[in-house]
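Participant: Attaching a single structure in structure tokens format; questions to follow.
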Amino acid sequence: MIVERSLDPRWLSNTWLVGDRPGGHGVLIDTGGPMEPILAAIEAHRLTVTHVLCTHHHHDHVTHNADYKQRFDCPICGHAAEAELFGDLDRELAAGEELRSGDLVLRALHIPGHTEGQLAFLVNESRVFTGDTLFKGSVGGTRAPGHGTFEELRESVMGTLMALPHGTLVNPGHVDETTIGAEWESNPFVRAWRGVDDLRDEPCTAFGQPARLLVEARDYDGGTKCQVRFEESGALDLVPGSRVKR
């Protein structure tokens, strides 16, 4: 399998090129990274691009959708729940739906939370592209436009992604690759949700509201991500550490 990446220096968002073999077929997963490295890799590997696959609708993941569609005459694919937010979907995908690109078999996994229509793409049962749901050492937030709930995101991580074999490679929507096994063992959120590590339960404010800080971890951008419980409502949330004060 061929896997190439382009990383946007502002948003740290990835465009992934996945191909079956040199001279074969491939897909693009998210398009927020610069085009030049991806176009060079497509040419070097002599790939025919068959699909643009979108994990979700946020601007840092769809920047070059139209450019790739025009260049390769390939459909833009994403979850039906976000069709209106994309505005340019050619194919609406459902949970569990499979696509083929040459020798690649890609299965769409619905992993709501960061957004309601968030998708992961499991490729040949060995590598999963997780968008903004699971990162190396962290997880996605539940405050971005079109977000779902904390409970949805936790279930997407624990019930869907962590159910994959531990050797499965993870290619996230931002920065570096990891594995399911590595995140099972070392991701602070996963460890807390497994019951391995105790919750911190420290007083704080989040977005100016009284809350309890339960989990804090280094995030992909060098900041932190926090799980909090709001005092008044009891609601759980995943928020940027910059919005948490102690």
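Participant: Any residue in segment 148-159 that is closer than 19 Å to LEU12 by Cβ and in the same structural domain as ASP60 (by TED's automatic domain parsing)?
Facilitator: No - not one qualifying residue is present in segment 148-159.
For (1) aliphatic (A, V, I, L, M); (2) crowded, with 17+ Cβ neighbours inside 10 Å; (3) within 20 Å of LEU169 (Cβ to Cβ); (4) in contact with a Pro (Cβ under 9 Å, 6 or more places away or on another chain), each residue gets a yes or a no:
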residue	(1), (2), (3), (4)
LEU47	yes, yes, yes, yes
HIS57	no, yes, no, yes
ARG91	no, no, no, yes
ALA94	yes, no, no, no
ASP103	no, no, yes, no
GLN118	no, yes, yes, yes
SER126	no, no, yes, yes
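Participant: Sticking with this structure for a sec: Output the qualifying pairs, or none if there are none: Cβ atoms under 6 angstrom, residues six or more apart or on different chains, first residue in segment 68-97 and within 21 Å of THR48 (Cα to Cα) and assigned by TED's automatic domain parsing to the domain that holds PRO112, second residue modelled with pLDDT of 95 or more and of a type in the set (Gly, Ala, Ser).
Facilitator: LEU89/GLY78
Participant: Let me ask another. With respect to the numbered conditions (1) in a loop (DSSP other than H, G, I, E, B); (2) free of Cβ contacts under 8 Å to residues at least 60 places away in the same chain, which one is the sole condition not fulfilled by TYR220?
Facilitator: The one condition TYR220 does not meet is (2).
Participant: Wholly within segment 16-97, which helices (runs of 4 or more DSSP H) include no fewer than the required count, namely at least 2 residues that are at pLDDT 95 or above?
Facilitator: Once the helices (runs of 4 or more DSSP H) in segment 16-97 are filtered for at least 2 residues that are at pLDDT 95 or above, what remains is 35-45, 59-62, 65-72.
Participant: Only one of (1) closer than 24 Å to ARG10 by Cα; (2) in contact with a Leu (Cβ under 7 Å, 6 or more places away or on another chain); (3) touching a residue at least 40 places away in the same chain (Cβ under 8 Å) fails for HIS61. Which number is that?
Facilitator: All conditions pass for HIS61, except number (2).
Participant: Further question on the same structure: Show the residue pairs meeting these rules: Cβ distance below 7 Å; 6+ apart or different chains; first residue within segment 152-167 and small (Gly, Ala, Ser); second residue modelled with pLDDT of 95 or more and not in a loop (DSSP other than H, G, I, E, B).
Facilitator: From segment 152-167, the pairs are GLY167/THR179; GLY167/GLY181.
Here's the yes/no breakdown for (1) over 12 Å from the mean Cα position of the chain (by Cα); (2) over 20 Å from PHE150 (Cβ atoms); (3) not aromatic (Phe, Trp, Tyr):
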residue	(1), (2), (3)
ASN65	yes, yes, yes
LYS69	yes, yes, yes
PHE72	yes, yes, no
ILE76	yes, yes, yes
LEU93	yes, yes, yes
GLY102	yes, yes, yes
LEU106	yes, yes, yes
LEU109	no, no, yes
GLY113	no, no, yes
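Participant: Being charged (D, E, K, R) and under 25 Å from GLU152 (Cβ atoms) is true for just one of ASP103, ASP73, ASP132, ASP90. Which residue is that?
Facilitator: Just a single option satisfies the conditions, and that option is ASP132.
Participant: Taking segment 184-232 as the region of interest, how many residues are of a type in the set (A, V, I, L, M), touching a Gly at 6+ places or on another chain (Cβ under 7 Å) and surrounded by fewer than 17 Cβ atoms within 10 Å (Cβ to Cβ)?
Facilitator: So the answer is 0.
Participant: On to the next question. Among the residues of segment 139-173, what is the count of those that are part of a strand (DSSP E or B) and surrounded by fewer than 24 Cβ atoms within 10 Å (Cβ to Cβ)?
Facilitator: Final tally of qualifying residues: 3.
Participant: Can you pull out every residue in segment 113-143 that is farther than 15 Å from TRP16 by Cα and of a type in the set (D, E, K, R)?
Facilitator: GLU116, GLU125, LYS136, ARG143
Participant: Now for a separate question. Only one of LEU104, LEU119 is touching a residue at least 60 places away in the same chain (Cβ under 8 Å) and over 21 Å from THR48 (Cβ atoms). Can you tell me which?
Facilitator: LEU119
The values are calculated or read from the model by the stated rules, or taken from the named source; none is laboratory data. The structure presented is a predicted model; accordingly, all values stated were derived computationally and were not measured. Glycine also receives a Cβ, built like all others from the backbone with ideal geometry; neighbour counts cover every protein chain displayed.
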